[in-house]
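Before any comments, here is the structure.
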There are 2 protein chains.
Amino acid sequence: MNELLDLAFAALADPTRRAILRRLAKGEANVGDIAENFPISQPAISRHLKVLEEAGLIETARVGQSRPRRLRPEGAEQAQRFLAEMASYWPDRFDRLEQFLDSEKDSK
Amino acid sequence: MNELLDLAFAALADPTRRAILRRLAKGEANVGDIAENFPISQPAISRHLKVLEEAGLIETARVGQSRPRRLRPEGAEQAQRFLAEMASYWPDRFDRLEQFLDSEKDSK
DNA sequence: TATTTATATAACAATTACGTTATGTAAAGA
DNA sequence: TCTTTACATAACGTAATTGTTATATAAATA
């Protein structure tokens with residue numbers, strides 16, 4: 001139903017993928033550029049890139065035989081909105097605890 | 001290396017868990033309250049709650065035999081910061097670039 | 001055309017994730 | 001004390017994730 005949001009959060013849960021995003025914040029990079037700087041194989045990088053792209057967080061161009069990736073920051077907007085809403089909620093702990101205890105008392 | 005951020009994003013990737021968070025934004029709820037409104041078993045809910053708590057997104061109180069959960073919005077702050085900075089990145093906006101590149105490092 | 005280069009895909013193993021049902025535990029109430 | 005209530009935990013099946021190595025594909029180059 002909200003699959004893109006699922007995919008975006010799942011993509012962001014992997015530290016290697018977050019590192020790739022930070023790398024792409026420096027500018028476009030192709031697979032080889034990225035793979036050189038990570039301790040995992042090129043196929044593993046290719047798969048991480050696919051995950052990031054399917055989540056809408058990056059996009060791919062085609063220049064000759066290389067496929068430069070770049071950040072697609074708008075892909076994070078929905079996830080950002082979810083977190084902003086959550087963070088805007090602040091439980092007044094004391095009050096809520098009182099409220100809970102009161103409701104327990106009432107139902108006795 | 002930033003395991004809490006991994007856990008937070010992974011927790012947020014599941015739609016059932018996001019629904020639980022939205023439920024908790026309306027106020028504290030215990031396991032039974034939540035399980036009633038979801039099409040999965042109580043043990044499954046208990047596990048989702050454990051995942052959310054280990055990610056720092058909710059916390060648990062003890063009142064008699066029930067364990068009311070409540071939102072812990074500050075648990076989402078680091079994730080929110082990562083996304084906000086990524087979303088503020090634009091290929092020609094180098095003023096934001098440095099901030100984004102250092103985001104995980106800084107919030108350690 | 002044949003070779004090299006850049007990247008993707010396939011096949012596989014190990015681990016983790018998410019659901020189920022069955023059962024354990026601790027507090028509440030008769 | 002005995003039962004019920006609220007929740008956690010265990011055991012298990014299945015599917016997804018993440019890495020590996022081997023191989024396929026398509027563009028660049030000799």
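The figures follow:
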item	result
In sequence order, calculated HN-Hα J values of region A:75-85 (Karplus, 6.51, -1.76, 1.60; Hz; x Gly/Pro)	x, 9, 5, 5, 4, 4, 4, 4, 5, 4, 5
Residues whose placed amide H lies under 5 Å from that of A:Asn30, excluding near-sequence neighbours	A:Arg69
Those residues of region A:1-32 whose amide nitrogen sits under 19 Å from the label point placed on A:Ile40, 7 Å along Cα→Cβ	A:7-25, A:29-32
Using a 7 Å Cα-to-Cβ projection, A:Ala19 label spacings across copies, nm, ascending	3.6
Exposure proxy ranking, count of Cβ atoms within 10 Å, fewest first, for A:Ile40, A:Ile20, A:Ile45	A:Ile40, A:Ile45, A:Ile20
In nm, spacing of pseudo-spin labels at B:Glu54 and B:Glu77 (7 Å Cα→C-beta vector)	2.4
Phi to ³J(HN,Hα) by Karplus 6.51 cos²θ - 1.76 cosθ + 1.60 over region A:53-60, Hz, x for Gly, Pro	5, 5, 7, x, 8, 9, 9, 10
Stokes-Einstein diffusion coefficient of region A:13-78, Kirkwood radius over Cα pairs, 37 °C, 0.692 mPa s, in µm²/s	278
Likely footprinting exposure, A:Tyr89, B:Tyr89, fewest C-beta neighbours within 10 Å first	A:Tyr89, B:Tyr89
For A:Ile58, residues with placed amide H under 5 Å, excluding near neighbours	A:Glu53, A:Arg72
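Taken together, the values in this text are just the output of simple stated rules run on the coordinates, not laboratory data. Since the model is a prediction, treat every value here as computed from it, not as a measurement. Every residue, glycine among them, receives a Cβ derived from its backbone with ideal geometry; neighbour counts consider all protein chains shown.
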